[in-house]
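Novice: First the structure, which I've put down as structure tokens, then a few questions once you've had a look.
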Amino acid sequence: MINLEIPKKFKPLVSQANQVAQEVFRPISRKYDEAEHSYPKELDMLASLIDGMNEGSDSGAGAAGVRRESNGNGDDGNRNGSNLSTVLGIIELCWGDVGLLLSMPRQGLGNSAIASVASEEQLEQYGGKWAAMAITEPEAGSDSASIRTTADLSGDEYVLNGEKIFVTSGDRADLIVVWATLDRKIGRAAIKSFIVERDNPGLKLDRLEHKLGIRASDTANFTLQNCRVPKEALLGDPEVNTKQGFGGAMQTFDNTRPLVAGMAVGVARASLEETRKRLAEAGVEIDYDVPALGQSAAAARYLEMEADYEAALLLTLQAAWMADNGKPNSLQASMAKAKAGRTCVDVCLGCVELCGSVGYAENDLLEKWARDAKILDIFEGTQQIQLLIVARQLLNKNSSELR
Amino acid sequence: MPTATEDKGMAERSMGLGLRWLNRLAGSDLLDRIRIRKQVERALFTGTKTGFRSATAAGRTFKAAQKLGRPARQAPSKPRSLFDISPDDEQQMLQEGVRDFAETKVRPVAGEADADRTTAPELLAQANELGINMLGVPEELGGVMHEQAAVTSVLIGEALAHGDMGIAYAALAPGAVATAIGHWGTAEQEATYLPAFTGEDTPAAALAMLEPKPLFDPLALDTKARRDGSDWVLDGVKSLVARPGDCELFIVAAEAEGLGPALFVIESGTSGLSTEPEPAMGLRPAATGRLVLEDVRLPASALMAEGEREAYVECVQRARVAWCSLAVGATQAVLDYVIPYVNDRTAFGEPISNRQAVAFGVSDIGIESDGMRLATYRAASRADQGQDFARESALARQLCAKKGMQIGSEGVQLLGGHGFVKDHPVERWYRDLRAAGVMEGALLV
């Protein structure tokens, strides 16, 4: 039965997340945008609270909850599980502040990677810890198959060597999931991810970045120099399977891209809501029944942006819902990420324009959201990478045909 | 050098002669003496403006069958607790039936129907046999759907428009009248008109809302209904009505004196009602035309829903969702057509789809079409559950108008010059998809 409303059972979670966003994130939003690199200590208590909320329930509020499920819980086999609840929680929290969400202890993208592919033993060992994700290198961003960080087996340990940049919460996390290759000659299939403890002496922090937005979230650059990790730190299958290719390492993205799309949806909604309020103060009301072109230019522009927002939201929920129901969703996950990323940027910048100096000045948060928005069309796969993935799927092409 | 007069074609010259004669006639006082000036002027106005305005069809006599004490209504569906994008089993069956029909019966004749500006009556009869025009008829009156069927209507509109948007308009237009009566008709209107829609020989019918003017707003109508005793008298012009010359029944939107915008049921053949062709950029298989109302006198019983504004606004919203469903089907048709084309077409030694500039165009079609679909489903599902869907229908319309047209345009662009010629259907979809942002009323979910 087609229904695209928030499921009843997740309404309490959504409302809780909204309260957190309203009461915890918004009041300190500007503070940590200005105080880049200082740790938002207010989040510690909140993180414990969220751990409590997640305990024993399948509705997580952070990125840690996502895991593929296959059994149904509706009377017709339809399931609304942790992918959907997580994305709903993230939308609300990012309506509060996306930088602060990214700084939430124990809710990093590394946690999603662990949740997605870790063995039971690894889950036991690393569960409850905060995990960051290190993929990008100075010479390899979108082209993650050509990373140069190496992992060599030496006795019972892997030895990692290389350089990693743009590691979200890299300095604050307990663990870092590092992508490295077992053999550069083999290509994609040899790329594996390894869990590295933050206090490993072979892991050296080079610097923290100064950024356009999401300044509350720190972004670290590391050098790995003879960084030794136990054999058991490899996530997933240690065998190099050329038939399976990149699938193993990339499958995390089918789960995490809808979450990042959700972040974009949340920021876009924040901008739209604030702008609607501001427009109303200026005497512009939005009427849904009168044709947009018969209303003021500002109202027509607003409706256009809200329509894009609606499409982004629903594509995001669709991708998460498919993951909950064990349906292959890499096409829909990339569609959601592409649509939400570009919509978030367009909407937030459009809202600043509509609100004029009220939008542009730092008295309000609209300018901050417009700066935060840009990263959402870049990380976890840029707009162009998403379009490439979508195109390859629709056109049935491989990466050597459509490069 | 030939003079301007010599250069004129035969038609222009005869028009010139006619004007000269007319001027003499107008200047004489003969007309005033025999008191026919007004009639002649009107005949002339009509004759020159349209070339061939005609009376509406002489339709059947609608007689009230067994009348219920109060109007029958479909129940809202039970509130659904889970998020879900899968149609239920019944919907899937219907959807598959219509998809098959659209692929095997509609698509092959779509080019011809577009060129001829007509859809074969046999094809419309076959479409009707699929049950697509009785989704809004309450069970008590011979309908098949116990609950409201906006989602089902959307799935059917989408599937049919994948075959052809113009044929879909022609085929679904009568259903809009049945649905309107099922939702907002009085007990008498239901008893009089709905039985005709559940039998075999269903009438052509049209819900006429749109008017020929820029920035048309369905809430601010130029068509007026004034009170005269207990009667209503309607004047106005309706635009892009499907097959108006064939229709036996109309529902017309008019600004009702003292009430606001409202719906009236009008049988064809009513005095003062006429139609004229209004061929358009697209939707040509629906043989679009204008419906002209001149002093059309109706009994009080012609008014629907007692003129309640809420009912009228809901009608506007349901129509927008219906047009979205057609746009979704047409954009999916574009996507399905361009994929094999760009994969097969080679340039510079390889398929053009190996180029990102081409491939990304395909990605955007896929992304925006899916977004349009989900927004349309959401609006329809809210309607079925009895929830307010003003926002959702407006946003779906906004998306379908803008992205639908972008997709129509990109479809032609990806085929280049081949997209511009009639060997390929993309130029037709380009013309049809413009309608998604233009049409109001006419179809309902």
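The values are calculated or read from the model by the stated rules, or taken from the named source; none is laboratory data. Please read these numbers as outputs of a predicted model, since none were measured by experiment. Here Cβ is always computed from backbone atoms with ideal geometry, including for glycine, and neighbour counts include all displayed protein chains.
Novice: Could you list, in sequence order, the residues of segment B:343-367 that are within 18 Å of A:Ala340 (Cα to Cα) and more than 7 Å from chain A (Cβ to nearest Cβ)?
Specialist: Selection gives B:Gly361, B:Asp364, B:Ile365.
Novice: I want to confirm something. Restricting to segment A:287-298 and keeping residues that are among the hydrophobic types (A, V, I, L, M, F, W, C) and out of contact with any helix residue (DSSP H, G or I) (no Cβ under 7 Å at 6 or more places or on another chain), which single residue is farthest from the other protein chains (Cβ to nearest Cβ)?
Specialist: A:Ala297
Novice: Another one. Going residue by residue through segment A:167-190, is there one that turns out to be assigned to a loop (DSSP other than H, G, I, E, B) and free of Cβ contacts under 8 Å to residues at least 12 places away in the same chain?
Specialist: Yes, there is a match, as at least one residue in segment A:167-190 is assigned to a loop (DSSP other than H, G, I, E, B) and free of Cβ contacts under 8 Å to residues at least 12 places away in the same chain.
Novice: Right, something else. Among the residues in segment A:219-230, are any small (Gly, Ala, Ser), outside any helix (DSSP H, G or I), crowded, with 16+ Cβ neighbours inside 10 Å and modelled with pLDDT of 85 or more?
Specialist: Within segment A:219-230, one or more residues are small (Gly, Ala, Ser), outside any helix (DSSP H, G or I), crowded, with 16+ Cβ neighbours inside 10 Å and modelled with pLDDT of 85 or more.
Novice: Tally the residues that are polar (S, T, N, Q) and either in a helix (DSSP H, G or I) or closer than 25 Å to B:Ala115 by Cα (or both), restricting the search to segment B:129-185.
Specialist: Matching residues across segment B:129-185 total 3.
Novice: I'm trying to understand the selection: among the residues of segment A:4-21, which are of a type outside the set (Lys, Arg) and within 9 Å of chain B (Cβ to nearest Cβ)?
Specialist: If the condition is that a residue be of a type outside the set (Lys, Arg) and within 9 Å of chain B (Cβ to nearest Cβ), then A:Leu4, A:Glu5, A:Ile6, A:Pro7, A:Phe10 are the ones that fit.
Novice: Residues to consider are A:Ala373, A:Ala323; find the one that is buried (at least 24 other Cβ atoms within 10 Å of the Cβ) and either outside any helix (DSSP H, G or I) or modelled with pLDDT of 95 or more (or both).
Specialist: Only one candidate passes the filter, namely A:Ala373.
Novice: When you check A:Ser193 against the structure, is it under 25 Å from A:Glu36 (Cβ atoms), of a type in the set (S, T, N, Q) and modelled with pLDDT under 95, yes or no?
Specialist: no
Novice: Given the options A:Arg392, A:Arg342, A:Arg403, name the one that is surrounded by fewer than 18 Cβ atoms within 10 Å (Cβ to Cβ), within 14 Å of chain B (Cβ to nearest Cβ) and either over 25 Å from A:Glu36 (Cα atoms) or touching a strand residue (DSSP E or B) at 6+ places or on another chain (Cβ under 9 Å) (or both).
Specialist: A:Arg403
Novice: Only one of (1) at positive phi; (2) of a type outside the set (S, T, N, Q); (3) touching a helix residue (DSSP H, G or I) at 6+ places or on another chain (Cβ under 6 Å) is not met by B:Glu276, so which one is it?
Specialist: Status for B:Glu276: all satisfied but (1).
Novice: Pick out the one residue from B:Leu207, B:Leu221 that is in contact with an Asp or Glu (Cβ under 8 Å, 6 or more places away or on another chain), under 18 Å from B:Ala253 (Cα atoms), surrounded by 21 or more Cβ atoms within 10 Å (Cβ to Cβ) and touching a residue at least 24 places away in the same chain (Cβ under 8 Å).
Specialist: Going through B:Leu207, B:Leu221 in turn, the sole match is B:Leu221.
Novice: Could I ask something else about it? Looking at (1) under 22 Å from A:Ile91 (Cβ atoms); (2) facing another protein chain (nearest Cβ under 7 Å); (3) free of Cβ contacts under 8 Å to residues at least 12 places away in the same chain, which is the one condition that is false for A:Ala311?
Specialist: (3)
Novice: Taking the options B:Ala191, B:Ala125, B:Ala187, name whichever one is over 15 Å from the mean Cα position of the chain (by Cα) and within 19 Å of B:Ser268 (Cα to Cα).
Specialist: Residue meeting the stated conditions: B:Ala191.
Here is a yes/no grid of residues against (1) at pLDDT 95 or above; (2) aliphatic (A, V, I, L, M):
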residue: A:Ser29; (1), (2): yes, no
residue: A:Tyr32; (1), (2): yes, no
residue: A:His37; (1), (2): no, no
residue: A:Leu46; (1), (2): no, yes
residue: A:Val66; (1), (2): no, yes
residue: A:Gly72; (1), (2): no, no
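Novice: Condition first: facing chain A (nearest Cβ under 9 Å) and either surrounded by fewer than 24 Cβ atoms within 10 Å (Cβ to Cβ) or assigned to a helix (DSSP H, G or I) (or both). Can you find one or more residues in segment B:416-435 that meet it?
Specialist: No, because not a single residue in segment B:416-435 is facing chain A (nearest Cβ under 9 Å) and either surrounded by fewer than 24 Cβ atoms within 10 Å (Cβ to Cβ) or assigned to a helix (DSSP H, G or I) (or both).
Novice: Still on this structure, I have one more. Pick from segment B:295-321 the residues that are in contact with a helix residue (DSSP H, G or I) (Cβ under 6 Å, 6 or more places away or on another chain) and under 25 Å from B:Asp370 (Cα atoms): which of them is surrounded by the fewest Cβ atoms within 10 Å (Cβ to Cβ)?
Specialist: So the residue we want is B:Gln317.
Novice: Continuing with this model, one more query. State which residue is surrounded by the fewest Cβ atoms within 10 Å (Cβ to Cβ) when the search covers only segment A:148-203 and only residues that are closer than 22 Å to A:Ser399 by Cβ, touching a Lys or Arg at 6+ places or on another chain (Cβ under 9 Å) and β-branched (Val, Ile, Thr).
Specialist: A:Thr181
Novice: When you scan segment B:290-312, how many residues do you find that are part of a strand (DSSP E or B), under 22 Å from the mean Cα position of the chain (by Cα) and more than 17 Å from B:Thr275 (Cβ to Cβ)?
Specialist: Here the count works out to 1.
Novice: Moving to a separate point now. Restricting attention to segment B:259-277, which residues are assigned to a loop (DSSP other than H, G, I, E, B) and closer than 18 Å to B:Asp295 by Cα?
Specialist: Of everything in segment B:259-277, those that are assigned to a loop (DSSP other than H, G, I, E, B) and closer than 18 Å to B:Asp295 by Cα turn out to be B:Ser268, B:Gly269, B:Thr270, B:Ser271, B:Gly272.
Novice: Please enumerate the residues belonging to segment A:387-400 that are at pLDDT below 95 and either under 23 Å from A:Asp377 (Cβ atoms) or not polar (S, T, N, Q) (or both).
Specialist: The one that is at pLDDT below 95 and either under 23 Å from A:Asp377 (Cβ atoms) or not polar (S, T, N, Q) (or both): A:Ser399.
Novice: Moving on to the next point. Residues B:Ala322, B:Ala357, B:Ala327: which one is of a type outside the set (D, E, K, R) and either outside any helix (DSSP H, G or I) or farther than 20 Å from B:Ala159 by Cα (or both)?
Specialist: Unique residue meeting the criteria: B:Ala357.
Novice: Taking segment A:356-389 on its own, how many of its residues are farther than 24 Å from A:Gly108 by Cβ and within 14 Å of chain B (Cβ to nearest Cβ)?
Specialist: Summing the residues that are farther than 24 Å from A:Gly108 by Cβ and within 14 Å of chain B (Cβ to nearest Cβ) in segment A:356-389 gives 3.
Novice: What number of residues in segment B:373-385 are more than 7 Å from chain A (Cβ to nearest Cβ) and over 22 Å from B:Lys78 (Cβ atoms)?
Specialist: 1
Novice: Can B:Lys402 be described as within 12 Å of chain A (Cβ to nearest Cβ) and in contact with a helix residue (DSSP H, G or I) (Cβ under 9 Å, 6 or more places away or on another chain)?
Specialist: It is true that B:Lys402 is within 12 Å of chain A (Cβ to nearest Cβ) and in contact with a helix residue (DSSP H, G or I) (Cβ under 9 Å, 6 or more places away or on another chain).
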